[in-house]
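The values are calculated or read from the model by the stated rules, or taken from the named source; none is laboratory data. Everything quoted here is computed from the prediction, not taken from an experiment. Note that each Cβ is placed from the backbone with ideal geometry, even for glycine, and that neighbours are counted across all protein chains shown. All accessible areas refer to the heavy atoms of the entire protein, side chains included, with ligands and DNA or RNA removed. Shrake-Rupley method; radii C 1.70, N 1.55, O 1.52, S 1.80 Å.
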Amino acid sequence: MGNIFAYSIEDRLYLNITNRCPNRCVFCIRHNERGVGYDLWLDREPSVEEVLAAAGDVSAYREVVFCGYGEPLLRWEVVVGVARALKERFGVPIRINTNGLAEAVLGQPILPHLAGLVDVISISLNAADAAMYDRLCHSELGPEAYPALLRFIRDSKLYIPRVIVSVVAIPNFDPEPARRLARELGVELRIRPYQTE
Ligand code: SF4
């Protein structure tokens, strides 16, 4: 395994800090052979210093995104350390792509630590109700997952300037319930294409 901790796609740099995730979503790119074009499986998780070394000079990128094959906020201390250093050195905008479940998994607040460091958070809402979420995401948190996710979305607005939730346009997808829920939550909605190969 190559242990790719940072990779670029167009004008964004993506950071891959863990493969751990409490979910097994049916549409996860981890189960998709093509993935993102990089082998993102890690045989160990990087330190703050290793991520910064892999990232290098990020001043040319439009954005740095914590992403990877897993849930970055399970390692929120690393996210904070890396984000703080990148902000101080380069002033680059920082985004986190998250499933919104790390606070529930770890049983502690994480969002207050991200205030002032993270500009955008993109949270996988995935479904407009708990039953559909369970069908799609098979979370190890079981029925606790969806309410914890909604709580995390609401709380994110207190600490992060821009909050986006995303859903995947699975076959026969009706966008209306997700639009309504996003409006109720007061956040932006992004509909992502469904990729099967
Ligand atoms: S939450 Fe994200 S990383 Fe985890 S299984 Fe679902 S799509 Fe994959």
What is the list of residues in region 161-197 whose amide nitrogen lies under 14 Å from a point 7 angstrom out from the Cα of residue 115, following Cα to Cβ?
-> 161
So what is the calculated 222 nm ellipticity per residue for the chain, using -39500 (n - 2.57) for each DSSP H run with n of 4 or more, over all residues, to the nearest 500 deg cm²/dmol?
-> -9500 deg cm²/dmol
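For the pair residue 158 and residue 47, what calculated FRET efficiency results from E = 1/(1 + (r/R0)^6), where r is the Cβ-Cβ distance and R0 = 22 Å, to the nearest 0.05?
Efficiency for this residue pair is about 0.15.
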Of the accessible area of the chain, computed with a 1.4 Å probe and all protein chains kept, carbon and sulfur make up a percent value of 49
Computed from the mean reciprocal separation of all distinct C-alpha pairs, what Kirkwood hydrodynamic radius does the chain have, in Å?
-> 17.1
Solvent-accessible heavy-atom area per residue, rounded to whole Å², over the chain at 1.4 Å = 49
